[in-house]
1. By what distance, in whole Å, do the Cα atoms of the chain stretch along each of the three principal axes, largest value first?
2. Restricting to bridges with both residues inside the chain, how much of the DSSP beta-bridge set is antiparallel, in percent to the nearest 5?
3. Taking only Cα atoms of segment 182-298, what ratio of Rg to Rh do you get with Rh as the Kirkwood inverse-distance radius?
4. Write out the chymotrypsin sites (Phe, Trp or Tyr not before Pro) in segment 1-82 meeting two conditions: DSSP loop, and at most 13 other Cβ atoms within 10 Å of their Cβ.
5. Give the separation of the Cα centroids, segment 203-231 to segment 236-260, in Å.
6. Name the most mobile residue of VAL213, VAL315, VAL346, meaning the one with the largest mean-square fluctuation, in a Gaussian network model of the chain with Cα contacts below 10 Å.
7. Taking the chain as a Gaussian network, where each spring joins two C-alpha atoms under 10 Å apart, which residue of SER312, SER148, SER90 fluctuates the most?
8. For GLN340 and SER18, FRET efficiency with R0 = 35 Å and r from the beta-carbon atoms, rounded to 0.05?
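Where a number appears in this text, it was derived from the coordinates with a stated rule and is not lab data. Keep in mind it's a predicted model, so treat the numbers as computed, not measured. When we count neighbours, we look across all protein chains shown, and the Cβ atoms used for this are built from the backbone with ideal geometry, even at glycine.
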Amino acid sequence: MDIPLLPDIKQQLSTLISLPSISSTLDEYDLSNETVINQLATWCETLGFKVEIQCVDAERKKFNMLATLGSGPGGLILSGHTDTVPCNPSRWNSDPFTLTDKDNKFYGLGSCDMKGFFPLCLAAIQKVDANKLKAPIFILATSDEETSMAGARALATLGLPKARAAIIGEPTGLRPINMHKGIMMEGVKVTGQAGHSSNPDLGNNAMEVMHKVMSELMAYRSELQQQHKHTAFSVPTPTMNLGCIHGGDNPNRICGQCELHYDLRFIPGMDMHTLRKNINERLQKIAKDTQSTIQSYQLFDGINAFSNEENSELVKLTEKLSGYGPEAVAFATEAPFLAQHNIDTVVMGAGSIDQAHQPDEFMAHDQIKPMVGYIEGFIKHYCL
């Protein structure tokens, strides 16, 4: 009888969930992902992988891992992120950092988004005879996907493996995703002139200028929605959400400064830099007309839209294995960073995005065996 080289899927998932790796823009919540990376590296080395660990941010102790089994051109990338969102344990019915097996579900922070992908990959790989590999298997484990995507950006800058195909194991309910929207999160800061409200001529009300800014942004949103449409998406047009606004300090004082944050989600074929340029040109015209200062800035670098052809080799393979045709989603992933290197890429994983970022996040048991089987199919096609 063969002795398993690694703990089983449940034990691996339990270990990964017990290692907090929260990624947050707020320092009080942000944690290193080093322990998760080191654990994955140990398991991969046990299976014969050559492991490289890349430091993405030394101060915040953020790391990527690239593990390689086999050699030669082509091959398959299995990619996931090691960080999770923050959580409020008081809103959970169980400890988010302890795996709870209940009602045919594995509960825990990161169970589906997306620490759970790694044990499924390793389970499939243990069924492979490494001596028969004709092309390599790569496992990518990244940092900070939930905030800046710094890990994926670093890998893309340094150069990714020149694999034929890549699966990004985000929770998609086992359905292949070949398309998602891009995201920009932007800020606008208006500086006017404070003064006593009894005489408006003594100041320049930044809040009133921001009113013009908001009207201009909404007008631009309408133009974009008239000009761009993709019926593969449930919301087929670009969207813009005016998310939060802050300004002024007292009702009897002319508002000297006002700040707005918004997000813009755009469909494939639209260019992020062009969108920023067009918005800035419109806002600078308002600045000139109102004799105020308007500063546009990025809250983070943004994520390009992702699109892969429906007739690509990998998309057709995912359709054959799963029985589902490719779909489009509004949430963003690390897929554009792989696709920009001409790697045939699909987003596909166990679990549902509806459970991600929620209290009592879980992966249903009935998602596990099918996904392991699909990964085996990908390895057989690209590596054996």
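1. Rounded to whole Å, the extents work out to 89, 45, 39 Å.
2. Rounded to the nearest five, the antiparallel share is 75 percent.
3. 1.06
4. Details: sites: TYR29, TRP43, PHE49, PHE63; in loops: TYR29, PHE49.
Qualifying residues, ordered by number: TYR29.
5. Going from one Cα centre to the other spans 13 Å.
6. Result: VAL213 has the largest fluctuation of those listed.
7. Of the options given, SER90 has the highest mean-square fluctuation.
8. Once rounded, the FRET efficiency stands at 0.50.
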